[in-house]
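Colleague: Quick one: the structure is below, and I'll ask about it shortly.
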Amino acid sequence: MKPLQALTTIMLSLTAIIIAGSAVSCRPDEVDRYPKVVVLGFDGMDPKLCERMMDAGKLPNLDKLRKTGGFKPLGTTMPPQSPVAWASFITGANPGGHGIFDFIHRNPEEQCMPFYAAAETVPSDDGWEVGEHRIPLTFWPFQHNPTQTLLRRGGTPFWDYLDQAGIPVWIYDIPANYPPSKSEHGHMHCLAGMGVPDLLGGYGTYQFFSTDTPSLKREPGGVRKPLIFINDTAIATLTGPENSYLLKPASTEVRLQIHRHPTDRSARIEFQGNTVVLKEGEWSKWQKLSFELEMPSFLPNEDVSGICRLFLQQVRPELRLYVTPINIDPSDPGEQNITEPPEFITDIADELGLFYTAGFQEDHKALSNKLFTDTDYHSQADYVLKERLTLRNYALDHYDGGLLFFYFSSTDLQAHMFWWDSDEKHPTRPLEEAKKYHQTVVDLYTQMDDVVGETVDRFGDDATILVMSDHGFCNFRRQFNLNTWLRDNGYVQPSNCKSLINPRRGALVNWAETKAYGLGLNGLYLNMVGRERDGIVYPHEREALIGELTQKLLAIRDPQNNQPIIAKVYRSDEIYSGPFVATAPDLLVGYHRGYRASWSTTLGDMARNVISDNSSAWSADHCVAADQVPGVIFSNKPLLKREPALVDMAPTILDAYGVPRPDTMEGASILKSDAVTLRPD
Amino acid sequence: MDAVNWLLLNAGDAVLATWSAVKVGAAWAWSIVDTLLDPLLSVVLACLNPLCTKLGDLVYAILSPFPIWIGLTLLSVAAGLIALLAFRYTSNQTAIGRAKDDIKANLLALKLFKDELGVTFRCQLRLLWAIARLQRYMLFPFFVMLPPMLLLLAQMGIRHQWRPLQPGEQTNIELRLTDEAPTTDTTPTEPITLQPNPGLAEIVGVPGADRTVWRITAGSPGRHILQFHLGAESIEKELVVGTEFQRVSAIRTRHNWGAQLLHPAEPCLPADATVASIQILYPHVDSWIHGANWWLLSFFVISMATALIFKPLFNVRF
């Protein structure tokens, strides 16, 4: 090549680059191609508290929406539990249409074996057995099934119809959609929220190391491990995910070396070449961990990347170190798919760095187990909110039309621990303290009001803005043990049994004599012949038994104040319709405000007393009768439907884009009056 | 299937064992080379590094009006051109030309006489020989260009690999002691302290048997000299705080030519110091063109492209 030719080539290349760049920047603006609908989902935002605060001028932005568009209580599902309610939001159907009836379901073929309702992990049952390993070969001609997690929520999500219509959809932190449903047409971006497990496969397992833990202790939500210091240095083991390639699966581990300052209140923690120095009471930034899955010697080992934060709670006299549940690493999620499309999560992480990916981000279990103080929990929950606000900014910056949904868990998980709106005795705090912490919920609502204000200011009337919650809130003062009551009334036998499934609790139930049992937070099942493995109730006996149980449950009074405990007993065959009704509990117990199913009821255990005080830091709840804890709906457009409900939200969104409402959805647009939306037939 | 499994598992074990042996052997060989080269190269680098750093400062000061990626591009183009000219005058161009002609001729012969087995084999042998000759002619200019290129890359590395701490940003400073330093089981016998400094807004230190780690929060912008005291011994280390593009020295070590080559901005620690190294964990520069690790790729791509483009102009063959 001659020099002149070389220079000409360079000049031509530069010119081509400049022209191509100009062409891209002059691309027709797509911003206004699709109407904007922005939905802000505040889990558990309560209409009564909102109303009080708006009247007092403390929620100016929501109040502005109330005056310009509308504000109404939003009818929730029965039971008013988040996975159930958000699944109804997603599908526009009652629980009979999506199959989520509680946090916990049971498998009647195994009598009442409980499992998480919204997702199921199916382990690989075949593979190439070599040495101590079994490797699933997923390619032809072997086509073994790898271990996979399946979304159990049924029904068609509303975004599938938008996706089909070519409308961009951006969904952040949506509950009851893990693993995220697929986008057939490529117009949907979704980050899954509540339901996403941590790397250990649960819904948040913290690891707590301390010198005053005598021996390893597992507890709901975490594990405590002992620490022994020799010359101010201790070795600890952080448990990671199981190596499911092993024939006998074993947990992976990362070794922590903890050096305590000989005199000061600080320590340094070393692992995998990283060093974290913390003062007492400090949290670390997110730390990356790499868990090695050992493979047969002729294959390279696999690495699973996780992230965690460390909290040096105390240095002296006892050293206490809390490690958050190990979250899926958003910058390197590997096989763990928590977004649709799968690369969406790394796109977010490239811009924002590391953040909580597990569905339950606020570690309420650490507070309930008295590992966190109220202040510790508040600081951790506050950090979660800050992260989510950063994610919200990302969402707004990348939104250019179509539907944007953003979910906040803080209004739910802070309220569960800090809400207390009466002068009655609080389960764990003196009344003054209870009031002080309830104020944090009030402050949180003010922050959420700012979020609404920023959204309205950003879009004005260019967007339809919907601010909603799935349910409200109430105190949880007294707990009702449904199974104890059933046992004491002869529906569960023998009279001395202690549990439906857990032999460690004591005598187990005798299914051959048991007519009904409670599982989950609101579910009551009959032990039906032909459905339950050991069923004894024949179909012709069902009606009478339901009537008898309903009558007796409604008559129960709290001996403390002679008030009724149960407001309503719902029949699933009356309130549900759709393909999944047969798997629903037969009855749903709707408690009065202040009451809830006891902790032991949820997993089928029995306590000594039928009714007792709630003694947990989880001092507020919403698993009562649906009409006692409606959610909220605000809009900058007039709310014309008289009694809007969660099932109306999907039709409302579809209607905003002129997409016809499918028959599986039972609601109607809340922005149209009931008269208009009535069908001619 | 059991036989296949047995074979695979044993083959895998054998490969792993071989790989371990290779690593051990390589480490041993390197330690010998290191021991042999260190007395000479360490002294040479101790003399050259201050000069190179001053020259680097001057060059980057000239480039400072431009965006960083343009500066990197200009520097890479200049390096490519200089390397091309150095190659032109240090290599045997005639011999290289002959070797290249032989390669072309034998490739052509392979294509033309692909049905002649004997010719094909002979051509392949000649081709291999020509390539070997070409490689041999490349060796001398390569060794001539290697030292200045390494010095240049080191100067670029201390500017493009890490960035200064921003005010309020946290990082760790790690001070490692030599094996000879007197320690108890957990801490040095003499307390190690990091003196307060305007560049440090907060210091939290935790000692250990072999090293002490401080978590620091960067204070006011500027080039600060940190003072570490270990008993009567006093050691200094530069800390850079600021938002501008400037060089940083991540590690200060005792005499070792490898460390001196990679971290040329500060003089070595005294030979009799009980401190082996002081490292500031500066954040990496975040850029796909001139940021950490990418700058090296950008440099090689641009300098190679420059050499290829200007090869005809300077009539260079390689």
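Colleague: Surrounded by fewer than 18 Cβ atoms within 10 Å (Cβ to Cβ), without any contact (Cβ under 8 Å) to a residue 40 or more places away in the chain and farther than 30 Å from residue A:518 by Cα: which single residue out of A:453, A:460 fits that description?
Modeller: Result of the check over A:453, A:460: A:460.
Colleague: Next question. Could you name every one of the helices (runs of 4 or more DSSP H) located completely within region B:1-116 that has at least 2 residues being under 30 Å from residue B:246 (Cβ atoms), at pLDDT 95 or above and not β-branched (Val, Ile, Thr)?
Modeller: B:2-63, B:68-90
Colleague: May I ask you to list the residues in region B:279-289 that are within 14 Å of chain A (Cβ to nearest Cβ) and either farther than 23 Å from residue B:74 by Cα or touching a Pro at 6+ places or on another chain (Cβ under 8 Å) (or both)?
Modeller: B:279, B:280, B:281, B:283
Colleague: Based on what the data block shows, is residue A:515 free of Cβ contacts under 8 Å to residues at least 60 places away in the same chain, touching a strand residue (DSSP E or B) at 6+ places or on another chain (Cβ under 9 Å) and closer than 30 Å to residue A:532 by Cβ?
Modeller: Taking the combined requirement at face value, the residue satisfies it.
Colleague: Out of everything in region B:269-288 that is in a loop (DSSP other than H, G, I, E, B) and of a type in the set (Gly, Ala, Ser), what residue ends up being nearest to residue B:255 (Cα to Cα)?
Modeller: Ranking the candidates gives B:271 first.
Colleague: Considering only residues that are on the phi > 0 side of the Ramachandran plot and in contact with a helix residue (DSSP H, G or I) (Cβ under 9 Å, 6 or more places away or on another chain), which ones fall in region A:296-352?
Modeller: none
Colleague: Inspect all residues belonging to region A:426-442 and state whether any of them is among the hydrophobic types (A, V, I, L, M, F, W, C) and either surrounded by fewer than 21 Cβ atoms within 10 Å (Cβ to Cβ) or touching a Ser or Thr at 6+ places or on another chain (Cβ under 6 Å) (or both).
Modeller: Among the residues of region A:426-442, at least one is among the hydrophobic types (A, V, I, L, M, F, W, C) and either surrounded by fewer than 21 Cβ atoms within 10 Å (Cβ to Cβ) or touching a Ser or Thr at 6+ places or on another chain (Cβ under 6 Å) (or both), which makes the answer yes.
Colleague: Which strands (runs of 3 or more DSSP E) sit wholly inside region A:520-622 and have at least 1 residues that are of a type in the set (D, E, K, R)?
Modeller: Filter on region A:520-622 gives A:566-571, A:594-597, A:611-613.
Colleague: Still on this structure, I have one more. Among residues belonging to region A:562-581 that are surrounded by fewer than 16 Cβ atoms within 10 Å (Cβ to Cβ) and touching a Lys or Arg at 6+ places or on another chain (Cβ under 9 Å), point out the one that is nearest to residue A:596 (Cα to Cα).
Modeller: Looking at residues that are surrounded by fewer than 16 Cβ atoms within 10 Å (Cβ to Cβ) and touching a Lys or Arg at 6+ places or on another chain (Cβ under 9 Å), I get A:564.
Colleague: Restricting attention to region A:286-326, and to residues there that are away from chain B (no Cβ under 13 Å) and in a loop (DSSP other than H, G, I, E, B), which single residue is surrounded by the fewest Cβ atoms within 10 Å (Cβ to Cβ)?
Modeller: A:317
Colleague: Sort out which residues of region A:255-296 are touching a residue at least 24 places away in the same chain (Cβ under 8 Å), more than 26 Å from residue A:387 (Cα to Cα) and within 31 Å of the chain's Cα centre (by Cα), and write them in order of number.
Modeller: Hits for region A:255-296 are A:256, A:292, A:293.
Colleague: Could you check how many residues of region A:278-323 are among the small types (Gly, Ala, Ser) and closer than 30 Å to residue A:129 by Cα?
Modeller: So the answer is 4.
Colleague: Let me ask something else. Of everything in region B:213-231, what is basic (Lys, Arg) and away from chain A (no Cβ under 11 Å)? Give them in sequence order.
Modeller: Within region B:213-231, B:223 is the sole residue that qualifies.
Colleague: Sticking with this structure for a sec: Could you check region A:37-98 for helices (runs of 4 or more DSSP H) lying wholly inside it with 3 or more residues that are within 27 Å of the chain's Cα centre (by Cα), in contact (Cβ under 8 Å) with a residue 24 or more places away in the chain and surrounded by fewer than 24 Cβ atoms within 10 Å (Cβ to Cβ)?
Modeller: A:47-55
Colleague: Follow-up. Can you name the condition, by its number, that residue A:223 falls short on among (1) under 30 Å from residue B:204 (Cα atoms); (2) of a type outside the set (Ser, Thr, Tyr); (3) within 14 Å of chain B (Cβ to nearest Cβ)?
Modeller: Looking at each condition in turn, residue A:223 falls short on (3).
Colleague: Let me ask something else. Could you tell me which numbered condition residue B:252 fails, if it satisfies all but one of (1) surrounded by 17 or more Cβ atoms within 10 Å (Cβ to Cβ); (2) outside any strand (DSSP E or B)?
Modeller: Only one criterion is unmet by residue B:252, namely (2).
Colleague: Moving to a separate point now. What are the pairs with Cβ atoms under 8 angstrom where one residue, in region A:594-606, is within 15 Å of residue A:522 (Cβ to Cβ) and touching a residue at least 12 places away in the same chain (Cβ under 8 Å) and the other, located anywhere, is in a strand (DSSP E or B) and of a type in the set (Val, Ile, Thr)? Sequence gap at least six, or different chains.
Modeller: As it stands, the answer is A:595/A:566; A:597/A:589; A:602/A:104; A:603/A:104, since those pairs meet every condition given.
Colleague: In region B:290-318, which residues are more than 20 Å from residue B:56 (Cα to Cα), in a loop (DSSP other than H, G, I, E, B) and either more than 14 Å from every other protein chain (Cβ to nearest Cβ) or charged (D, E, K, R) (or both)?
Modeller: B:317, B:318
Colleague: In region A:244-261, which residue that is surrounded by fewer than 17 Cβ atoms within 10 Å (Cβ to Cβ) and within 14 Å of another protein chain (Cβ to nearest Cβ) is modelled with the highest pLDDT?
Modeller: Per the stated criteria, the residue is A:257.
Colleague: Also, quick follow-up: Restricting region B:196-212 to residues that are of a type in the set (D, E, K, R) and closer than 21 Å to residue A:229 by Cα, which is nearest to the other protein chains (Cβ to nearest Cβ)?
Modeller: Applying the filter and picking the extreme gives B:211.
Colleague: Can residue A:264 be described as more than 26 Å from residue A:148 (Cβ to Cβ), within 14 Å of another protein chain (Cβ to nearest Cβ), among the acidic types (Asp, Glu) and buried (at least 17 other Cβ atoms within 10 Å of the Cβ)?
Modeller: In short, no.
Colleague: Among the listed residues B:36, B:75, B:51, B:63, which satisfies the condition of being in contact with a Leu (Cβ under 8 Å, 6 or more places away or on another chain) and either within 14 Å of chain A (Cβ to nearest Cβ) or free of Cβ contacts under 8 Å to residues at least 40 places away in the same chain (or both)?
Modeller: B:63
Colleague: Please tell me if residue A:167 is in contact with a strand residue (DSSP E or B) (Cβ under 8 Å, 6 or more places away or on another chain), crowded, with 24+ Cβ neighbours inside 10 Å, touching a residue at least 40 places away in the same chain (Cβ under 8 Å) and under 16 Å from residue A:118 (Cβ atoms).
Modeller: no
Colleague: Within region A:432-481, which residues are closer than 20 Å to residue A:628 by Cβ and in a helix (DSSP H, G or I)?
Modeller: Scanning region A:432-481 gives A:438, A:441, A:445.
Colleague: While we're looking at this one, here's another question. Out of region A:114-135, which residues are within 14 Å of another protein chain (Cβ to nearest Cβ) and in a strand (DSSP E or B)?
Modeller: Those that are within 14 Å of another protein chain (Cβ to nearest Cβ) and in a strand (DSSP E or B): A:128, A:129, A:130, A:133, A:134, A:135.
Colleague: OK, next. Can you give me the number of residues within region A:191-242 that are of a type in the set (Gly, Ala, Ser), within 26 Å of residue A:117 (Cβ to Cβ) and assigned to a strand (DSSP E or B)?
Modeller: Number of matching residues: 2.
The values are calculated or read from the model by the stated rules, or taken from the named source; none is laboratory data. Just so it is clear, the model here is predicted, and its values are computed rather than measured. Please note: Cβ atoms are built from the backbone with ideal geometry, for glycine as well, and neighbour counts cover all protein chains shown.
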